[in-house]
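*Asks:* Below you will find the structure I want to go over with you.
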There are 2 protein chains.
Amino acid sequence: MTTTSQYHHGDLHGTLIDAASARLEKFGIAGLSLRKLAEDVGVSRTAPYHHFKDKNALLSAIAAKGFDQWHQIAVDIFEDEHLPAEQRFKDFIHAYIEFATQHPQIYELMFGQTLWGEGKASDDLRDIAYPSFQYQVSMTRLWQEKGLLPQDQQALRLAQVTWATLHGIARLIIDGIYADASHIEEMCNCAAALFMQQHAAAPD
Amino acid sequence: MTTTSQYHHGDLHGTLIDAASARLEKFGIAGLSLRKLAEDVGVSRTAPYHHFKDKNALLSAIAAKGFDQWHQIAVDIFEDEHLPAEQRFKDFIHAYIEFATQHPQIYELMFGQTLWGEGKASDDLRDIAYPSFQYQVSMTRLWQEKGLLPQDQQALRLAQVTWATLHGIARLIIDGIYADASHIEEMCNCAAALFMQQHAAAPD
DNA sequence: CAGTTAAATTGACACTGTCAAGATTCAATT
DNA sequence: AATTGAATCTTGACAGTGTCAATTTAACTG
């Protein structure tokens with residue numbers, strides 16, 4: 001019951017998620033092979049299928065962890081009362097891109113077609129992802145009320161467009177189109193300035 | 001030399017691209033199997049390898065076609081002197097999203113990590129894709145000079161951010177995250193208004 | 001017509017995800 | 001404590017995939 005090989009693994013579910021996360025970061029989502037993964041963990045090829053319906057179910061579990069992680073970051077920024085709203089908005093933008101670029105494979109999982117395409121997304125995944133966006137909508141609404149963001153737009157649309165912008169920047173980097181990563185900072189600043197525009201100059 | 005089965009296909013190169021494009025639109029990039037493709041064309045599994053180095057080389061050829069197609073659309077809009085600049089900017093936005101949503105698989109190919117990821121992109125692909133973006137930068141610069149877009153930003157940054165926004169919207173739809181396609185129009189309008197802001201209200 | 005080259009072929013290899021049947025262990029009930 | 005039932009893990013197998021090597025066939029070139 002110590003280190004000797006045991007028929008029942010004990011916590012294969014959790015171990016698989018950990019090992020899969022590690023493999024994912026190294027080899028990407030396509031390079032994550034269930035068979036190699038099983039070998040890593042020291043278990044037969046089909047053992048994982050007793051804990052996850054299929055490969056996507058395992059990936060969903062990893063994505064869920066990613067959503068928790070990101071949501072925590074977003075909340076920390078938004079609820080930091082010390083900083084002025086403008087700074088928090090900028091921080092939010094930079095944090096988003098930083099999260100995406102530092103965990104590209106997880107980001108791809110969270111927002112890529114592997115899990116979302118063709119209505120593949122499970123209800124579990126939806127239930128985790130949607131609140132995260134709803135939270136951003138409420139943040140947007142508040143920034144609008146504070147006069148930081150344009151008030152002549154619906155909060156939902158504004159949130160969708162700002163998110164799309166961040167998502168677009170993230171993907172262009174992650175997917176290898178913007179190979180030159182040295183200008184990311186400036187792009188973020190440009191995006192922030194665009195969204196705030198006249199409001200940016202006022203408080204300072 | 002007519003319709004009888006012939007050992008040499010004649011124009012396998014072109015036929016493969018056509019058949020692959022058709023298969024791509026139906027089954028997506030992952031569902032495009034070289035073997036099935038060869039079967040469609042009536043040729044052995046490895047015949048395509050005498051015309052394309054590997055699967056990615058074939059996909060690159062299809063992507064190249066897509067770039068040509070899109071560039072033509074962009075040029076047509078930008079050079080339509082009949083319309084005011086503001087309208088052309090809006091048209092450009094809508095055309096981009098329309099192109100992406102009507103040819104999702106090709107768009108994925110053109111801007112996805114399949115061809116671009118990890119420095120995979122061939123020089124040929126780069127030589128086709130870059131001018132397309134450079135053209136958009138020059139369009140942005142002109143719109144700035146006309147006072148349509150903010151002038152306190154570098155044209156390059158502005159073009160990058162606007163492109164990122166469009167790319168983000170496109171991907172969120174294509175990848176199945178924005179399943180509700182009924183609000184795409186409004187999102188595009190919101191994005192256009194954001195970029196133009198004060199300038200939008202002036203001419204009307 | 002001979003010889004080189006290009007094009008297409010079969011065979012094979014190393015992978016992949018996943019299903020079906022059987023073996024093993026654990027947990028709970030008699 | 002023994003038996004039953006469920007959970008867990010195993011081997012075997014199937015249908016795919018991209019791609020390489022060696023080989024045959026056709027077409028061009030001198």
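The values are calculated or read from the model by the stated rules, or taken from the named source; none is laboratory data. Values in this document were obtained by computation on a predicted structure and should not be read as measured data. Here the Cβ is made from the backbone with ideal geometry for all residues, glycine too, and neighbour counts use every protein chain on show. Quick note on the areas: whole protein, heavy atoms, side chains included, nothing else; ligands and nucleic acids left out. Shrake-Rupley method; radii C 1.70, N 1.55, O 1.52, S 1.80 Å.
*Asks:* Is it the case that some residue within region A:11-30 is more than 14 Å from chain B (Cβ to nearest Cβ), on the phi > 0 side of the Ramachandran plot, within 16 Å of DNA strand C (Cβ to nearest atom) and part of a loop (DSSP other than H, G, I, E, B)?
*Replies:* no
*Asks:* Identify all residues within region B:40-52 that are assigned to a loop (DSSP other than H, G, I, E, B), over 19 Å from B:Gly112 (Cβ atoms) and near DNA strand D (Cβ under 9 Å from one of its atoms); write none if there are none.
*Replies:* B:Ser44, B:Arg45, B:Thr46
*Asks:* Output the number of residues of region B:92-106 satisfying the condition of being more than 9 Å from the chain's Cα centre (by Cα) and either crowded, with 19+ Cβ neighbours inside 10 Å or of a type in the set (A, V, I, L, M, F, W, C) (or both).
*Replies:* 5
*Asks:* Separate question: Could you pull out every one of the helices (runs of 4 or more DSSP H) wholly within region A:92-204 that has 3 or more residues that are modelled with pLDDT of 95 or more and within 8 Å of another protein chain (Cβ to nearest Cβ)?
*Replies:* Where helices (runs of 4 or more DSSP H) fall fully within region A:92-204 and carry at least 3 residues being modelled with pLDDT of 95 or more and within 8 Å of another protein chain (Cβ to nearest Cβ), they are A:155-174, A:184-196.
*Asks:* So is A:Phe67 more than 16 Å from DNA strand C (Cβ to nearest atom), within 14 Å of chain B (Cβ to nearest Cβ), closer than 26 Å to A:Cys188 by Cα and modelled with pLDDT of 95 or more or not?
*Replies:* yes
Residues checked against (1) within 12 Å of DNA strand D (Cβ to nearest atom); (2) open to solvent by 40 Å² or more (accessible area, probe 1.4 Å):
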{"site": "B:Leu32", "(1), (2)": "yes, no"}
{"site": "B:Ala38", "(1), (2)": "yes, no"}
{"site": "B:Lys55", "(1), (2)": "yes, yes"}
{"site": "B:Asp68", "(1), (2)": "no, yes"}
{"site": "B:Ala74", "(1), (2)": "no, no"}
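*Asks:* A further question follows. Which condition from (1) assigned by TED's automatic domain parsing to the domain that holds A:Tyr178; (2) open to solvent by less than 40 Å² (accessible area, probe 1.4 Å) is the one that A:Glu81 breaks?
*Replies:* Looking at each condition in turn, A:Glu81 falls short on (2).
*Asks:* For residues that are over 14 Å from the mean Cα position of the chain (by Cα) and hydrophobic (A, V, I, L, M, F, W, C), tally how many sit in region A:108-141.
*Replies:* 3
*Asks:* Ok, one more. Select from region A:50-106 the residues that are of a type in the set (Val, Ile, Thr) and out of contact with any Ser or Thr (no Cβ under 9 Å at 6 or more places or on another chain) and list them in ascending order.
*Replies:* A:Ile73, A:Val75, A:Ile77, A:Ile97, A:Thr101
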